[in-house]
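The values are calculated or read from the model by the stated rules, or taken from the named source; none is laboratory data. Just so we're clear, the structure is a prediction, and the values are computed from it rather than from any experiment. Here Cβ is always computed from backbone atoms with ideal geometry, including for glycine, and neighbour counts include all displayed protein chains. The area values use the complete protein model at the heavy-atom level, side chains included, leaving out ligands, DNA and RNA. Shrake-Rupley method; radii C 1.70, N 1.55, O 1.52, S 1.80 Å.
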Amino acid sequence: MQSASPTRRGFLRGRMRAVAPAMRPPWALVEPVFLAACTRCDACIDACPTTILVRADGGYPAADFSLGECTFCGECAARCEPRALVRGADGAAPWALKASIGHGCLAESGVECRVCGENCPMGAIRFRPRLGGVALPQLDDSACTGCGACFAPCPTRAIALGAEAAERMPDEFPTGSER
């Protein structure tokens, strides 16, 4: 899903620029509710031990997997006073992100590379042998947590992280008067 975000020059010239939505921290509410609740205080960014949370457009926090992986420690949600990050029940997925392997993968070009599988803590990326060629990566969606451990080490940036269709919203969230 992409939204149009005008730049000043684009607005004056009548052109709109398509912008991909930012990857929010784990346990973030659905985007419109998150944007309404988040005060941009940076508490979640400061609390992140792997330093993958950064300020994105508008000063809102976002995950940058080129800096590392998410360990799902929960510090960001614990420090979020406006409750824009709400940790669900035990066992609930922290977000809907999943990895996908694109056509730029070295193994598809016949070059042996298993760095994504070696870095996946959940073992979600395995390599399927093939006759007369190098083993190809195979992603197990059910095992992938979307932690991003496979993203940064990929030498060709063939791995992408994206949201699944399901979005989640807690039963209760702060309204403007409760902040």
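Residue-level analysis places D57 among those that are modelled with pLDDT under 95, surrounded by fewer than 22 Cβ atoms within 10 Å (Cβ to Cβ) and of a type in the set (D, E, K, R). Filtered by the rule that a residue be touching a residue at least 60 places away in the same chain (Cβ under 8 Å) and in contact with a Lys or Arg (Cβ under 8 Å, 6 or more places away or on another chain), the range 94-107 gives P94, W95, A96.
Conditions (1) open to solvent by less than 50 Å² (accessible area, probe 1.4 Å); (2) closer than 15 Å to F65 by Cα; (3) within 20 Å of the chain's Cα centre (by Cα), marked per residue:
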| residue | (1), (2), (3) |
| --- | --- |
| N119 | no, yes, yes |
| I125 | yes, no, yes |
| G132 | no, no, no |
| L136 | yes, no, no |
| L139 | yes, no, yes |
| A149 | yes, yes, yes |
| C154 | yes, yes, yes |
| L161 | yes, yes, yes |
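Within the range 117-143, the set of residues being in a loop (DSSP other than H, G, I, E, B) and over 20 Å from A93 (Cβ atoms) comprises L131, G132. The number of residues in the range 149-179 being modelled with pLDDT under 55 and assigned to a strand (DSSP E or B) comes to 0. Could you list all residues from the range 23-44 that are open to solvent by less than 40 Å² (accessible area, probe 1.4 Å) and either free of Cβ contacts under 8 Å to residues at least 12 places away in the same chain or touching a helix residue (DSSP H, G or I) at 6+ places or on another chain (Cβ under 8 Å) (or both)? Passing the criteria: R24, P25, P26, W27, A28, L29, A43, C44.
What about A63, is it among the aliphatic types (A, V, I, L, M), modelled with pLDDT under 95 and surrounded by 15 or more Cβ atoms within 10 Å (Cβ to Cβ)? Considered against the rule, which asks whether it is among the aliphatic types (A, V, I, L, M), modelled with pLDDT under 95 and surrounded by 15 or more Cβ atoms within 10 Å (Cβ to Cβ), A63 comes out as no. Of everything in the range 67-111 that is surrounded by fewer than 21 Cβ atoms within 10 Å (Cβ to Cβ) and part of a strand (DSSP E or B), the residue that is farthest from the chain's Cα centre (by Cα) is I101. The conditions of being within 19 Å of C44 (Cβ to Cβ), in contact (Cβ under 8 Å) with a residue 40 or more places away in the chain, part of a loop (DSSP other than H, G, I, E, B) and in contact with a strand residue (DSSP E or B) (Cβ under 6 Å, 6 or more places away or on another chain) are met by G146.
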